[in-house]
Amino acid sequence: MSGTNQSSISEFLLLGLSRQPQQQHLLFVLFLSMYLATILGNLLIILAVSTDSCLHTPMYFFLSNLSFVDVCFSSTTIPKMLANHILGTQTISFSGCLTQMYFVFMFVDMDNFLLAVMAYDRFVAVCHPLHYTAKMTHQLCALMVAGLWVVANLNVLLHTLLMARLSFCANNAIPHFFCDVTPLLKLSCSNTHLNEVIILSEGALVMITPFLCILASYMHITCAVLRVPSTKGKWKAFSTCGSHLAVVFLFYGTIIAVYFNPLSSHSAEKDTIATVLYTVVTPMLNPFIYSLRNRSLKGALKKVVGRVVFSV
(Lines give C-alpha, C1' and ligand atoms only; values in the text may rest on other atoms or scores of the structure.)
Protein backbone atom coordinates (compact mmCIF):
# COMPACT_ATOMS: atom_id res chain seq x y z
CA MET A 1 0.00 0.00 0.00
CA SER A 2 1.12 3.53 -0.63
CA GLY A 3 1.63 6.09 2.12
CA THR A 4 -1.52 8.05 1.20
CA ASN A 5 -4.95 7.26 2.53
CA GLN A 6 -6.83 5.12 -0.02
CA SER A 7 -9.94 4.69 2.11
CA SER A 8 -13.20 4.26 0.24
CA ILE A 9 -15.09 4.70 3.50
CA SER A 10 -16.24 8.23 4.31
CA GLU A 11 -17.79 7.43 7.69
CA PHE A 12 -17.87 4.82 10.45
CA LEU A 13 -20.68 3.43 12.57
CA LEU A 14 -20.19 3.56 16.34
CA LEU A 15 -22.20 0.56 17.57
CA GLY A 16 -22.00 1.65 21.21
CA LEU A 17 -22.00 -0.61 24.26
CA SER A 18 -25.18 -2.58 23.66
CA ARG A 19 -27.70 -3.27 20.91
CA GLN A 20 -30.54 -4.11 23.33
CA PRO A 21 -33.03 -1.16 23.55
CA GLN A 22 -33.63 -1.64 27.30
CA GLN A 23 -29.91 -1.72 28.04
CA GLN A 24 -29.30 1.31 25.82
CA HIS A 25 -31.71 3.44 27.88
CA LEU A 26 -30.10 2.27 31.12
CA LEU A 27 -26.60 2.93 29.78
CA PHE A 28 -27.67 6.39 28.60
CA VAL A 29 -28.82 7.34 32.11
CA LEU A 30 -25.74 5.76 33.71
CA PHE A 31 -23.25 7.48 31.41
CA LEU A 32 -25.06 10.82 31.64
CA SER A 33 -24.91 10.59 35.45
CA MET A 34 -21.21 9.69 35.44
CA TYR A 35 -20.45 12.48 32.96
CA LEU A 36 -22.27 15.09 35.05
CA ALA A 37 -20.48 13.85 38.19
CA THR A 38 -17.14 14.06 36.38
CA ILE A 39 -17.76 17.59 35.11
CA LEU A 40 -19.12 18.86 38.44
CA GLY A 41 -16.38 17.29 40.56
CA ASN A 42 -13.50 18.42 38.39
CA LEU A 43 -14.85 21.94 37.83
CA LEU A 44 -15.30 22.38 41.58
CA ILE A 45 -11.65 21.48 42.11
CA ILE A 46 -10.54 23.95 39.43
CA LEU A 47 -12.69 26.71 41.00
CA ALA A 48 -11.48 25.90 44.51
CA VAL A 49 -7.81 25.96 43.52
CA SER A 50 -8.11 29.12 41.43
CA THR A 51 -10.05 31.13 44.03
CA ASP A 52 -8.25 30.12 47.22
CA SER A 53 -4.78 31.67 47.53
CA CYS A 54 -3.82 29.05 50.13
CA LEU A 55 -4.02 26.41 47.37
CA HIS A 56 -1.65 28.20 44.99
CA THR A 57 1.03 25.56 45.48
CA PRO A 58 2.58 23.04 43.05
CA MET A 59 0.48 20.13 44.34
CA TYR A 60 -2.81 21.91 43.70
CA PHE A 61 -1.53 23.42 40.47
CA PHE A 62 -0.96 19.89 39.12
CA LEU A 63 -4.29 18.72 40.55
CA SER A 64 -6.20 21.53 38.82
CA ASN A 65 -4.46 20.64 35.55
CA LEU A 66 -5.46 17.00 36.04
CA SER A 67 -9.06 18.11 36.63
CA PHE A 68 -9.02 20.23 33.46
CA VAL A 69 -7.65 17.31 31.44
CA ASP A 70 -10.28 14.94 32.88
CA VAL A 71 -13.09 17.35 31.92
CA CYS A 72 -11.76 17.49 28.35
CA PHE A 73 -11.10 13.74 28.33
CA SER A 74 -14.68 12.82 29.25
CA SER A 75 -16.09 15.47 26.91
CA THR A 76 -14.28 13.92 23.95
CA THR A 77 -16.24 10.65 24.04
CA ILE A 78 -19.37 10.69 26.22
CA PRO A 79 -21.31 13.63 24.66
CA LYS A 80 -20.97 12.05 21.20
CA MET A 81 -22.30 8.75 22.52
CA LEU A 82 -25.21 10.48 24.29
CA ALA A 83 -26.01 12.57 21.19
CA ASN A 84 -26.03 9.45 19.00
CA HIS A 85 -28.52 7.85 21.38
CA ILE A 86 -30.84 10.89 21.37
CA LEU A 87 -30.64 11.43 17.60
CA GLY A 88 -30.87 7.72 16.81
CA THR A 89 -27.73 7.77 14.69
CA GLN A 90 -24.43 5.92 14.90
CA THR A 91 -22.37 7.66 12.25
CA ILE A 92 -19.13 9.57 12.58
CA SER A 93 -17.14 10.88 9.62
CA PHE A 94 -13.69 9.51 8.78
CA SER A 95 -12.02 12.82 9.67
CA GLY A 96 -14.19 13.14 12.78
CA CYS A 97 -13.15 9.66 13.85
CA LEU A 98 -9.43 10.47 13.54
CA THR A 99 -9.97 13.79 15.32
CA GLN A 100 -11.75 12.07 18.20
CA MET A 101 -8.99 9.46 18.42
CA TYR A 102 -6.36 12.22 18.47
CA PHE A 103 -7.93 14.10 21.38
CA VAL A 104 -8.79 10.96 23.36
CA PHE A 105 -5.20 9.79 23.38
CA MET A 106 -3.75 13.25 23.86
CA PHE A 107 -5.73 13.51 27.11
CA VAL A 108 -4.78 9.92 28.01
CA ASP A 109 -1.13 10.92 27.67
CA MET A 110 -1.68 14.05 29.75
CA ASP A 111 -3.41 12.05 32.49
CA ASN A 112 -0.49 9.66 32.38
CA PHE A 113 2.14 12.41 32.62
CA LEU A 114 0.31 14.43 35.29
CA LEU A 115 -0.12 11.41 37.55
CA ALA A 116 3.64 10.87 37.35
CA VAL A 117 4.44 14.55 38.02
CA MET A 118 2.04 14.58 40.99
CA ALA A 119 3.73 11.48 42.42
CA TYR A 120 7.13 13.15 42.03
CA ASP A 121 5.81 16.29 43.72
CA ARG A 122 4.65 14.22 46.71
CA PHE A 123 8.02 12.43 46.77
CA VAL A 124 9.90 15.73 47.02
CA ALA A 125 7.48 17.08 49.64
CA VAL A 126 7.73 13.98 51.86
CA CYS A 127 11.33 12.89 51.35
CA HIS A 128 13.01 16.30 50.84
CA PRO A 129 10.76 18.79 52.67
CA LEU A 130 13.55 21.30 53.35
CA HIS A 131 14.35 21.57 49.63
CA TYR A 132 10.75 21.48 48.39
CA THR A 133 10.25 25.20 47.73
CA ALA A 134 13.65 25.44 46.02
CA LYS A 135 13.04 22.42 43.77
CA MET A 136 9.33 22.84 42.94
CA THR A 137 9.21 26.49 41.88
CA HIS A 138 6.17 27.94 40.10
CA GLN A 139 8.24 28.56 36.97
CA LEU A 140 9.45 24.94 36.89
CA CYS A 141 5.93 23.59 37.39
CA ALA A 142 4.56 25.75 34.54
CA LEU A 143 7.41 24.67 32.25
CA MET A 144 6.85 21.01 33.13
CA VAL A 145 3.14 21.16 32.28
CA ALA A 146 3.81 23.08 29.03
CA GLY A 147 6.44 20.51 28.07
CA LEU A 148 4.05 17.66 28.80
CA TRP A 149 1.44 19.17 26.47
CA VAL A 150 4.04 19.36 23.68
CA VAL A 151 5.20 15.75 24.19
CA ALA A 152 1.61 14.47 24.36
CA ASN A 153 0.63 16.22 21.13
CA LEU A 154 3.73 15.01 19.27
CA ASN A 155 3.21 11.45 20.46
CA VAL A 156 -0.47 11.33 19.46
CA LEU A 157 0.23 13.08 16.16
CA LEU A 158 2.56 10.21 15.24
CA HIS A 159 -0.11 7.57 15.89
CA THR A 160 -2.82 9.59 14.13
CA LEU A 161 -0.72 10.05 10.99
CA LEU A 162 0.05 6.33 10.96
CA MET A 163 -3.68 5.60 11.22
CA ALA A 164 -4.52 8.11 8.45
CA ARG A 165 -2.28 6.24 5.98
CA LEU A 166 -4.33 3.04 6.31
CA SER A 167 -7.12 1.99 3.96
CA PHE A 168 -10.62 0.99 5.10
CA CYS A 169 -12.38 -0.83 2.29
CA ALA A 170 -15.48 -2.71 3.43
CA ASN A 171 -16.69 -3.05 7.01
CA ASN A 172 -17.12 0.32 8.75
CA ALA A 173 -18.86 -0.83 11.98
CA ILE A 174 -16.83 -0.07 15.12
CA PRO A 175 -18.03 -2.20 18.09
CA HIS A 176 -17.33 0.62 20.52
CA PHE A 177 -18.70 3.97 21.73
CA PHE A 178 -15.75 5.98 20.38
CA CYS A 179 -13.04 5.70 17.72
CA ASP A 180 -10.46 3.53 19.45
CA VAL A 181 -7.17 2.39 17.95
CA THR A 182 -7.65 -1.37 18.33
CA PRO A 183 -11.04 -1.73 16.53
CA LEU A 184 -9.85 0.66 13.79
CA LEU A 185 -6.76 -1.46 13.16
CA LYS A 186 -8.96 -4.56 12.97
CA LEU A 187 -11.19 -2.87 10.34
CA SER A 188 -8.29 -1.80 8.13
CA CYS A 189 -7.58 -3.69 4.94
CA SER A 190 -3.98 -2.40 4.90
CA ASN A 191 -0.92 -3.88 6.54
CA THR A 192 -1.06 -2.63 10.14
CA HIS A 193 2.27 -4.12 11.26
CA LEU A 194 4.00 -0.72 11.52
CA ASN A 195 1.14 0.70 13.62
CA GLU A 196 1.30 -2.27 15.99
CA VAL A 197 5.08 -2.05 16.32
CA ILE A 198 4.95 1.67 17.13
CA ILE A 199 2.19 1.12 19.72
CA LEU A 200 4.09 -1.73 21.40
CA SER A 201 7.42 0.14 21.38
CA GLU A 202 7.09 3.94 21.44
CA GLY A 203 3.60 3.86 22.92
CA ALA A 204 4.69 1.45 25.65
CA LEU A 205 7.68 3.64 26.46
CA VAL A 206 5.46 6.72 26.84
CA MET A 207 3.05 4.89 29.17
CA ILE A 208 5.31 2.56 31.15
CA THR A 209 8.04 5.11 31.99
CA PRO A 210 5.68 7.41 33.99
CA PHE A 211 4.12 4.34 35.62
CA LEU A 212 7.54 3.18 36.86
CA CYS A 213 8.28 6.72 38.08
CA ILE A 214 5.03 6.67 40.06
CA LEU A 215 5.90 3.32 41.65
CA ALA A 216 9.43 4.52 42.50
CA SER A 217 8.08 7.73 44.04
CA TYR A 218 5.57 5.90 46.22
CA MET A 219 8.18 3.34 47.29
CA HIS A 220 10.37 6.19 48.57
CA ILE A 221 7.33 7.82 50.20
CA THR A 222 6.47 4.51 51.90
CA CYS A 223 10.00 4.17 53.27
CA ALA A 224 9.82 7.74 54.60
CA VAL A 225 6.40 7.13 56.18
CA LEU A 226 7.66 3.97 57.95
CA ARG A 227 10.12 6.14 59.82
CA VAL A 228 7.28 8.26 61.24
CA PRO A 229 6.86 7.35 64.96
CA SER A 230 3.12 8.09 65.09
CA THR A 231 0.91 5.10 64.24
CA LYS A 232 -1.96 7.45 63.38
CA GLY A 233 0.32 9.39 61.02
CA LYS A 234 1.41 6.18 59.31
CA TRP A 235 -2.19 5.01 58.86
CA LYS A 236 -3.30 8.35 57.40
CA ALA A 237 -0.35 8.43 54.98
CA PHE A 238 -0.84 4.82 53.89
CA SER A 239 -4.59 5.22 53.40
CA THR A 240 -4.02 8.33 51.28
CA CYS A 241 -1.26 6.69 49.21
CA GLY A 242 -3.36 3.54 48.88
CA SER A 243 -6.32 5.42 47.40
CA HIS A 244 -4.01 7.24 44.97
CA LEU A 245 -2.36 3.98 43.90
CA ALA A 246 -5.75 2.30 43.44
CA VAL A 247 -6.69 4.89 40.79
CA VAL A 248 -3.21 4.61 39.23
CA PHE A 249 -3.45 0.81 38.91
CA LEU A 250 -6.99 1.06 37.52
CA PHE A 251 -5.84 3.60 34.91
CA TYR A 252 -2.65 1.85 33.83
CA GLY A 253 -3.94 -1.70 34.22
CA THR A 254 -6.82 -1.20 31.80
CA ILE A 255 -4.67 0.68 29.27
CA ILE A 256 -1.97 -2.01 29.28
CA ALA A 257 -4.62 -4.73 28.92
CA VAL A 258 -6.21 -3.00 25.91
CA TYR A 259 -3.29 -1.63 23.89
CA PHE A 260 -0.14 -3.55 24.67
CA ASN A 261 -1.18 -6.97 23.43
CA PRO A 262 -1.26 -8.43 19.89
CA LEU A 263 -4.44 -7.70 17.93
CA SER A 264 -5.24 -11.43 17.74
CA SER A 265 -5.64 -11.62 21.54
CA HIS A 266 -8.30 -8.90 21.74
CA SER A 267 -12.06 -9.29 22.11
CA ALA A 268 -14.48 -6.41 21.55
CA GLU A 269 -16.40 -7.03 24.79
CA LYS A 270 -13.37 -7.11 27.10
CA ASP A 271 -11.73 -4.13 25.39
CA THR A 272 -14.91 -2.07 25.67
CA ILE A 273 -15.27 -2.78 29.41
CA ALA A 274 -11.61 -1.91 29.99
CA THR A 275 -11.81 1.35 28.04
CA VAL A 276 -14.92 2.39 29.98
CA LEU A 277 -12.85 2.07 33.17
CA TYR A 278 -10.08 4.42 32.08
CA THR A 279 -12.12 6.84 29.91
CA VAL A 280 -15.18 7.24 32.14
CA VAL A 281 -14.64 5.82 35.64
CA THR A 282 -11.13 7.14 36.34
CA PRO A 283 -11.87 10.81 35.44
CA MET A 284 -14.96 10.59 37.66
CA LEU A 285 -13.02 9.11 40.60
CA ASN A 286 -10.02 11.46 40.49
CA PRO A 287 -11.77 14.47 42.16
CA PHE A 288 -13.04 12.30 45.00
CA ILE A 289 -9.78 10.39 45.54
CA TYR A 290 -7.61 13.51 45.59
CA SER A 291 -9.96 15.68 47.66
CA LEU A 292 -11.79 13.55 50.24
CA ARG A 293 -8.72 13.10 52.46
CA ASN A 294 -7.39 16.60 51.91
CA ARG A 295 -8.56 19.01 54.63
CA SER A 296 -7.39 22.18 52.85
CA LEU A 297 -9.10 21.26 49.60
CA LYS A 298 -12.30 20.22 51.36
CA GLY A 299 -12.40 23.60 53.09
CA ALA A 300 -11.93 25.43 49.79
CA LEU A 301 -14.62 23.29 48.14
CA LYS A 302 -17.08 24.14 50.92
CA LYS A 303 -16.42 27.85 50.34
CA VAL A 304 -17.00 27.47 46.58
CA VAL A 305 -20.24 25.50 47.10
CA GLY A 306 -21.37 28.02 49.72
CA ARG A 307 -20.83 30.95 47.35
CA VAL A 308 -22.73 29.17 44.58
CA VAL A 309 -25.66 28.32 46.87
CA PHE A 310 -25.95 31.81 48.32
CA SER A 311 -25.67 33.44 44.89
CA VAL A 312 -28.62 31.38 43.72
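The values are calculated or read from the model by the stated rules, or taken from the named source; none is laboratory data. As the structure is a computational prediction, the values presented were derived from the model and not from experiment. Counting neighbours? That spans all protein chains shown, and the Cβs are built from the backbone with ideal geometry, glycine included. For the accessible areas, the whole protein counts, side chains as well, though only heavy atoms, and no ligand, DNA or RNA atoms are used. Shrake-Rupley method; radii C 1.70, N 1.55, O 1.52, S 1.80 Å.
If r is the Cβ-Cβ distance from LEU13 to ILE208 and R0 is 41 Å, what FRET efficiency results, to the nearest 0.05?
0.80
Of the accessible area of the chain, with the probe set at 1.4 angstrom, what percent is carbon plus sulfur?
Numbers: 10610 of 15190 Å².
The computed percentage sits at 70.
Please report, in cubic angstrom per residue, the volume enclosed by the convex hull of the alpha-carbon atoms of segment 107-243.
In segment 107-243, the Cα hull volume divided by residue count equals 125 Å³.
Aspartates and glutamates within cross-link reach of LYS135: Cα-Cα under 20 Å, excluding same-chain residues under 8 positions apart?
ASP121
Could you state the number of Å between the C-alpha centres of segment 12-41 and segment 172-242?
Using only Cα atoms to place each centre, the spacing works out to 25 Å.
What percentage of all Cα-Cα pairs in segment 59-107 are separated by more than 19 Å?
38 percent
Explain nothing, just the number: relative contact order of segment 6-113, from Cα pairs under 8 Å at least 6 residues apart, as a whole percent.
40 percent
Can you sort CYS241, CYS189 by 1.4 Å-probe accessible area, starting with the largest?
Largest accessible area first, the residues go CYS189, CYS241.
Within segment 96-124, whose backbone N sits under 17 Å from a point 7 Å along Cα→Cβ of LEU194?
What the label zone holds, given the 17 Å backbone N cut-off, is no residue at all.
Over all alpha-carbon pairs of segment 109-162, lay out the pair-distance distribution in 10 Å bins, whole %, shortest bin first.
Spelled out bin by bin, segment 109-162 gives 23, 42, 24, 9, 2 percent.
Build a GNM of the chain with springs between Cα atoms under 10 Å: which of MET106, MET118, MET144 gets the top mean-square fluctuation?
In the Gaussian network model the winner is MET144.
Express the relative contact order of the chain as a whole percentage, based on alpha carbon pairs under 8 Å and six or more residues apart in sequence.
RCO, the chain: 29 percent.
Which is the longest part of the chain that has none of the trypsin sites (Lys or Arg not before Pro) sitting in a DSSP loop with at most 12 other Cβ atoms within 10 Å?
Answer from the scan: 20-226.
Provide GLU11, GLU202 ordered by accessible surface of protein heavy atoms (probe 1.4 Å), highest first.
GLU11, GLU202
Let me test this: with uniform point scatterers at the alpha carbons of segment 15-126, what is the Debye-based log₁₀ I(q)/I(0) at q = 0.11, 0.15 1/Å?
Each listed q maps to, in turn, -0.48, -0.77.
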